[in-house]
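A.B. asks: The structure is given below, and queries will be raised subsequently.
The values are calculated or read from the model by the stated rules, or taken from the named source; none is laboratory data. Not measured: the values here are computed from a predicted model. Reconstructed Cβ throughout: ideal geometry from the backbone, glycine too, with neighbour counts over all protein chains shown. Just so you know, the surface numbers come from the protein's heavy atoms only, side chains and all, with ligands and any DNA or RNA stripped out. Shrake-Rupley method; radii C 1.70, N 1.55, O 1.52, S 1.80 Å.
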Amino acid sequence: MAGLLATLALAFLAPHIVKLALVFGPREYFALMMLAFVTVSAAFGESTLKGLTSLFIGLGLATIGIDGLTGQARMSFGVPQLLDGIEVTTLAVAMFALGECLFVAAQTHGLHDKVEAIKGSVRMTAADWRRSWPAWLRGSAIGFPIGAMPAGGADIASFLSYGTEKRMSKHPEEFGHGAIEGVAGPEAANNAAAAGVLVPLLTLGLPTSATAAILLAAFQNYGL
């Protein structure tokens, strides 16, 4: 749904959206990033301190490597392997997967395999559809313009959508325990942002993501 709406917006609104994106300067981008950080607090759960600590650790790790704007090496400490930065996948596997593997290996004698039955239907119910479609529309409205901004992206759009859904929900206590709006909205924002990235690519020739850069290379290769 979000991909369809964003594609229609790309076809009809791209020239107007790119004018808005060009208005953004350093101050606006800084404000956008601060808004994203504040919105992340919606996903912190019960411990705000732990959430903020994780946020700033992640921000610090993201500064490692070559700066995309200036080409300067940051916090690499002369180690060539750090020039490419730290991959999120590698960090996630190191923090979560390896620890879980070691825990399971240490508990082999006390663990027993158990088949857990699926609770409820795997298909969306009428109530799920009712609760999802407003989140899809809001996620599309948030994701497309954020994706069209050179400093935007799917991550910021997803966090903004999650915070919006939690704030507007009639059942905010369900968030963190399987609220369908908490999935439908951010996923719609993510998909809409993917289409929004094509706005600066097709109107200004500016690739603002890896996918857009590949598309630009393909366009140039085939003379489009």
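A.B. asks: Using the beta-carbon distance between His171 and Lys19 and R0 = 35 Å, what value does 1/(1 + (r/R0)^6) give for FRET efficiency, to the nearest 0.05?
C.D. replies: Working from the Cβ atoms, E equals 0.35.
A.B. asks: Classify the range 96-137 as rounded, prolate or oblate, taking a ≥ b ≥ c as the square roots of the eigenvalues of its Cα gyration tensor: rounded when a/c is under 1.5, otherwise prolate if a/b is larger than b/c and oblate if not.
C.D. replies: oblate
A.B. asks: I've got another one for you. Got a number for carbon plus sulfur as a percent of the chain's accessible area, 1.4 Å probe?
C.D. replies: Carbon and sulfur together cover 67 percent of it.
A.B. asks: With every protein chain left in place, what is the accessible area per residue of the chain in square angstrom, probe 1.4 Å?
C.D. replies: 67
A.B. asks: Restricting to DSSP loop positions (anything but H, G, I, E, B) with no more than 12 other Cβ atoms inside 10 Å of their own Cβ, which chymotrypsin sites (Phe, Trp or Tyr not before Pro) remain in the range 43-95?
C.D. replies: The qualifying sites are Phe77.
A.B. asks: Just checking my list [x] 51; [y] 61; [z] 55 against percent of Cα pairs over 23 Å apart computed from this structure; which label fits?
C.D. replies: From the options [x] 51; [y] 61; [z] 55, the structure gives [y].
A.B. asks: Find which of Ile118, Leu91, Trp133 sits farthest along the positive direction of the dipole of the range 78-141, computed with +1 on the beta-carbon of Lys and Arg, -1 on that of Asp and Glu, about the Cα centre.
C.D. replies: Trp133
A.B. asks: Given charges of +1 on the Cβ of Lys and Arg and -1 on the Cβ of Asp and Glu, with all other atoms neutral, how large is the dipole of the range 122-219 about its Cα centre, in debye to the nearest 20?
C.D. replies: Computed charge dipole of the range 122-219: roughly 200 debye.
A.B. asks: What ranking, highest mean first, results for peptides 154-160, 78-84, 177-183, 127-133 when packing means the other Cβ atoms within 10 Å averaged over each residue?
C.D. replies: 154-160, 177-183, 127-133, 78-84
A.B. asks: Which order do peptides 94-105, 137-148, 193-204 fall in by mean Cβ count within 10 Å, highest first?
C.D. replies: With the highest mean Cβ count within 10 Å placed first, the list reads 137-148, 193-204, 94-105.
A.B. asks: Calculate the spin-label point distance for Glu87 paired with Met34, positioning each point 7 Å from the Cα along the beta-carbon direction, and give it in nanometres.
C.D. replies: 3.6
A.B. asks: Nothing charged except the Cβ atoms of Lys and Arg (+1) and of Asp and Glu (-1): what's the magnitude of the dipole of the chain about its Cα centre? Round to the nearest 20 debye.
C.D. replies: With only Lys, Arg, Asp and Glu charged at Cβ, the dipole is about 540 debye.
A.B. asks: For the range 85-224, build the charge dipole from Cβ charges (+1 Lys, Arg; -1 Asp, Glu) around the Cα centre, then report which of Tyr222, Leu201, Met168 sits farthest towards its positive end.
C.D. replies: So the residue we want is Met168.
A.B. asks: Would you please state the base-10 log of I(q)/I(0) at q = 0.12, 0.26, 0.28, 0.29 1/Å for the range 160-213, with intensities from the Debye formula using one equal scatterer on every alpha carbon?
C.D. replies: Taking Cα atoms of the range 160-213 as identical point scatterers yields -0.39, -0.89, -0.98, -1.02.
A.B. asks: Extension gain Leu137-Phe219, at 0.36 nm per residue separation less the Cα-Cα distance, in nm?
C.D. replies: 26.4 nm is the gain from fully extending Leu137 to Phe219.
A.B. asks: Given +1 on the Cβ of Lys and Arg, -1 on the Cβ of Asp and Glu, and no further charges, what dipole in debye does the range 50-145 carry about its Cα centre, rounded to the nearest 20?
C.D. replies: Computed about the Cα centre, the dipole is about 560 debye.
A.B. asks: Over 16 Å apart: what share of the alpha carbon pairs of the range 110-224 falls there, rounded to a whole percent?
C.D. replies: 65
A.B. asks: Under 1.5 on a/c is rounded, so check that first for the range 58-172, then, if it is not, pick prolate when a/b is larger than b/c and oblate when it is not; a ≥ b ≥ c are the square roots of the alpha carbon gyration tensor eigenvalues.
C.D. replies: oblate
A.B. asks: Residue by residue through the range 91-102, what is 3J(HN,Hα) from phi via Karplus (6.51 cos²θ - 1.76 cosθ + 1.60, θ = phi - 60°)? Round to whole Hz and write x for glycine and proline.
C.D. replies: 5, 5, 5, 5, 7, 10, 5, 5, x, 5, 4, 5
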